[in-house]
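None of the figures in this text is laboratory data; all of them are computed from the coordinates on show. Model, not experiment: these values are computed from the prediction. Ideal geometry is used to build each Cβ from the backbone, glycine not excepted, and the neighbour counts take in all protein chains shown.
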Amino acid sequence: MTEDELIRGCIRENAACQKALFDRYASRMLGVCYRYARNQADAEDILQDSFIKVFNKIGQFKSEGSFEGWIRKIVVHTAIKKYSLMRYQKEQSVEEVKESVASLEDPSAYSHLTEKDLLRLINSLPDGYRLIFNLYVMEGFRHEEIAVMLGIQPGTSRSQLVKARMMLQKQILAMQKVAV
């Protein structure tokens, strides 16, 4: 079945088309969910909530740009809503971040890092840092766009990204010391 046929079937609320559409895109979108979620259960919840929105809004898809990109946008916005800035965990203060910068000078620390290790480290970030990091680094949004999405100032987005990167670097160096 073509993508257009699936879309038309989903607009008609055809269960077989909805299942086929879910089967076609769920695994890729689950990968996006994992970047935002704290654990597998949260990722699966985000995925389910996202596809409910996809099916409810599919009639709004204008066939401008990629359909997968349209679904991804819904998934990202659903994840953002789940982990809104109001739900951040306690994050490092600026002073703690400045103190940790001095120890982040060994680029060889990154050479033994696997993709799985990196995803685990990203998932361990406080919600706010992880959200900004994913939106900026993984999704390619600009700080101005992130600010609008989250109702914050662009400078706050930049600051959160810097803190997230520093925390990741500190964790990578800690992993390297344990491995030695």
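Tabulated data for the structure shown
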| item | result |
| --- | --- |
| Rounded FRET efficiency, nearest 0.05, which uses the C-beta distance separating Gln40 from Ala16 and R0 of 25 Å | 0.35 |
| Partner lysines for Lys53 [C-alpha distance under 27 Å; skip if fewer than 8 residues away on the same chain] | Lys19, Lys62, Lys73, Lys81, Lys82 |
| Projected-area mean, region 28-88, by convex hull of Cα positions, square nanometres | 4.3 |
